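**Student:** One structure is given below, represented as structure tokens, and several questions about it will come after.
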Amino acid sequence: AFAAATVHDFFNLLAVFIFLPLELMFGLLQKSAEWLSGLLMGSADMSMKGMDFMKPLISPSLDLIDSAVAFLPGKGGAIATILIGILLILGCVTALGKVLQRVMVGRAKELLHKALGRGPLTGIASGTLVTVMVQSSSTTTSLMIPLAGGGVFNTRQLYPFTLGANIGTTITALLAATAISGAGAQLALTIAFVHVLFNVFAVALIYGVPFLRELPIKAAETLARVGSENKLLALGYVAGL
């Protein structure tokens, strides 16, 4: 169970170890993301106002927030509005996640059972689909832990599903970026594409190269073996990570 939980960690650490230097040296992700966002939008001035059905729905709330922070001097009102916005986003995402988990987790478990054991590509695709449905890679990966702990599947079988969860979790940011209009729209889309491409490239490279593919599995299994003998070490790993 501990190996299945930490293989995700080691994959991400390896991905950062490989792609951060490449990004700093060549701007691989930035250039690719800018090209994609430019291809889709054409220009940063593209607006979605014609399709903006959200504005009439949220205008009363915006007016209420504006009136609530109007008494603050200088930039205080703007800062307060940003903080309120962040709190609302976190609250809404948390509430949405709980609703989706209740509705979707049962189906996600069924899909997980059907997909695992049918090959790596099916596992990756299923992990992506489940994570898009529940909008949480943490939920997706936590579905696997009881299966690993119960001996139903081993770490190697669950590994592709974890990689799919990595890709699926990027869709949330992509959806958020489509809500931005005006001058910042292309930048928002570029940032979202950086997230998508980082995970897609990482899966393609690390899982595609046999030597790299084995590293997260071996690291996770080694840590699980040592951690099962020394609980403090396992706790230290979690805290340190």
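**Student:** Hey, could you grab the Kirkwood Rh for the stretch 119-228? Inverse mean 1/r over distinct alpha carbon pairs, Å, one decimal.
**Tutor:** 15.1
**Student:** Got a sec? What order do R225, R118 fall in by accessible area at 1.4 Å, biggest, i.e. largest, first?
**Tutor:** Accessible-area ranking of R225, R118, largest first: R118, R225.
**Student:** Also, I was wondering about something else. Cβ neighbours within 10 Å, averaged per peptide: list 21-30, 124-133 in order, most packed at the top.
**Tutor:** Taking the mean over residues of other Cβ atoms within 10 Å, the ranking is 124-133, 21-30.
**Student:** Could you put H113, H195 in order of accessible surface area, largest first, with the 1.4 Å probe and the full protein assembly present?
**Tutor:** Solvent-accessible surface, decreasing: H113, H195.
**Student:** Quick one: ranking T140, T172 by accessible area, 1.4 Å probe, largest first, what do you get?
**Tutor:** T172, T140
**Student:** Let me ask you something else. At R0 = 30 Å, how high is the FRET efficiency between V99 and L62 if r is their beta carbon distance? Nearest 0.05 is fine.
**Tutor:** 0.80
**Student:** If a paramagnetic tag sat 7 Å from the Cα of A173 along the Cα-Cβ line, which residues of the stretch 202-241 would have the backbone N under 15 Å from that point?
**Tutor:** Backbone N within reach: 202-203.
**Student:** Let me ask something else about it. Among P60, S228, A183, which residue has its Cα positioned farthest towards the positive end of the charge dipole of the chain, with +1 placed on the Cβ of Lys and Arg, -1 on the Cβ of Asp and Glu, and the dipole taken about the Cα centre?
**Tutor:** S228
**Student:** Follow-up question, since we're still on this one. With +1 on the Cβ of every Lys and Arg and -1 on the Cβ of every Asp and Glu, and nothing else charged, how large is the dipole of the chain about its Cα centre, in debye rounded to the nearest 20?
**Tutor:** In debye, rounded to 20, the chain gives about 600.
**Student:** As a test of the formula, what do you get for the chain when each DSSP H run with n ≥ 4 contributes -39,500 (n - 2.57) and the sum is divided by the residue count, at 222 nm and rounded to the nearest 500 deg cm²/dmol?
**Tutor:** Theoretical 222 nm ellipticity from helices: -27000 deg cm²/dmol.
**Student:** How big, in percent, is the set of alpha carbon pairs in the chain lying more than 28 Å apart?
**Tutor:** When all Cα pairs of the chain are counted, 46 percent exceed 28 Å.
**Student:** What does the accessible area per residue of the chain come to in Å², with a 1.4 Å probe and no ligands, DNA or RNA counted?
**Tutor:** Solvent-accessible surface per residue comes out at 58 Å².
**Student:** In the stretch 164-241, carbon and sulfur make up what percent of the accessible area (probe 1.4 Å)?
**Tutor:** Looking at the stretch 164-241 in its full context, I get 73 percent from C and S.
**Student:** Which residue fluctuates most in the GNM of the chain (Cα springs below 10 Å): G164, G77, G119?
**Tutor:** Most flexible of the set in this elastic network: G77.
The values are calculated or read from the model by the stated rules, or taken from the named source; none is laboratory data. A quick note: this is a predicted structure, and the numbers were derived from the prediction, not measured. No Cβ is skipped: glycine too gets one built from the backbone with ideal geometry, and neighbour counts run over all protein chains shown. What goes into the accessible areas is simple: the full protein's heavy atoms, side chains included, and nothing from ligands, DNA or RNA. Shrake-Rupley method; radii C 1.70, N 1.55, O 1.52, S 1.80 Å.
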